[in-house]
Amino acid sequence: MIALYPGSFDPLTYGHLDVIERAAYLFERVIVAVLRNPSKTPLFTVEERLNQIHRAVQHLKNVDVDAFSGLTVTFARKKEASVLLRGLRVVSDFELELQMAQTNKTLAAEIETIFLSTSTEHSFLSSSLVKGIAAVGGPISHMVPQHIEQALRERSGPKEDMH
């Protein structure tokens, strides 16, 4: 069974990686799908995000990384995915995620949405939070893989004061 894990991943956090690693155990194949969204201005380009994710999941042999635009269910059909994977951090995520899942079901009845709750130690993480902390030089090494931390430091703000 193929699961598609769509998102912006700007940047990928340990919360995302937690969901990916657990999904890789549950599914034959997992496709991490970076959405090309022209209405948003991400910190990293789609290509940079694809490279960042590739590096972070290289230890998972059944995980692929790709980009798409348009409807998630259209891309899922193209990739022969029968499951859309969504991560839940906190209860407030559930309302929007449930609405999206129900909408997707009306668009593609054959595709199921499965929710995985993020592990407790990562439940506070969001890409926006990480970018905000990085922008002011705060500590983020416990939030993102090292190569992503380095990219954030180079892109978004002052260097962390190590003294």
Could you give me the residue pairs with C-beta distances under 6 Å whose first residue belongs to the stretch 115-129 and is touching a residue at least 24 places away in the same chain (Cβ under 8 Å), whose second residue is assigned to a helix (DSSP H, G or I) and among the small types (Gly, Ala, Ser) wherever it lies, and which are 6+ apart or on separate chains? 118/15; 122/15; 125/15
Tell me, yes or no, whether the stretch 106-118 has at least one residue that is in a helix (DSSP H, G or I) and either at pLDDT 95 or above or out of contact with any Cys (no Cβ under 7 Å at 6 or more places or on another chain) (or both). yes
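Restricting to the stretch 54-90, count the residues that are in contact with a Phe, Trp or Tyr (Cβ under 6 Å, 6 or more places away or on another chain) and closer than 20 Å to residue 131 by Cα. Spell out how you get there, then give the answer.
Going residue by residue through the stretch 54-90, those that are in contact with a Phe, Trp or Tyr (Cβ under 6 Å, 6 or more places away or on another chain) are 68, 75, 85-86, 88.
Those left that are additionally closer than 20 Å to residue 131 by Cα: 88.
Going through the stretch 54-90 one residue at a time, the tally reaches 1.
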Name the residue, out of 50, 85, that is in contact (Cβ under 8 Å) with a residue 24 or more places away in the chain and surrounded by 15 or more Cβ atoms within 10 Å (Cβ to Cβ). 85
Where a residue in the stretch 62-76 is under 15 Å from residue 8 (Cα atoms) and its partner, wherever it lies, is among the acidic types (Asp, Glu) and modelled with pLDDT of 95 or more, with Cβ under 9 Å and at least six apart: 67/47; 75/66
Would you please name the residue that is nearest to residue 127 (Cα to Cα), looking only at residues in the stretch 22-47 that are among the small types (Gly, Ala, Ser) and in contact (Cβ under 8 Å) with a residue 12 or more places away in the chain? 33
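Is there a residue in the stretch 14-29 that is over 29 Å from residue 133 (Cα atoms) and hydroxyl-bearing (Ser, Thr, Tyr)? Walk me through it before giving the result.
Initially, the stretch 14-29 is screened for residues over 29 Å from residue 133 (Cα atoms), giving 24-29.
Remaining after also requiring hydroxyl-bearing (Ser, Thr, Tyr): 25.
Yes, there is a match, as at least one residue in the stretch 14-29 is over 29 Å from residue 133 (Cα atoms) and hydroxyl-bearing (Ser, Thr, Tyr).
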Filter pass, residue 136 being surrounded by fewer than 14 Cβ atoms within 10 Å (Cβ to Cβ) and more than 16 Å from the chain's Cα centre (by Cα): yes
Checked 101, 81, 109, 76 against criteria (over 18 Å from residue 48 (Cα atoms) and over 18 Å from the mean Cα position of the chain (by Cα)); the one match is 109
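The values are calculated or read from the model by the stated rules, or taken from the named source; none is laboratory data. Worth saying up front: this structure is predicted, and the values here are computed from it rather than measured. We place every Cβ from the backbone using ideal geometry, glycine too, and count neighbours over all the protein chains shown.
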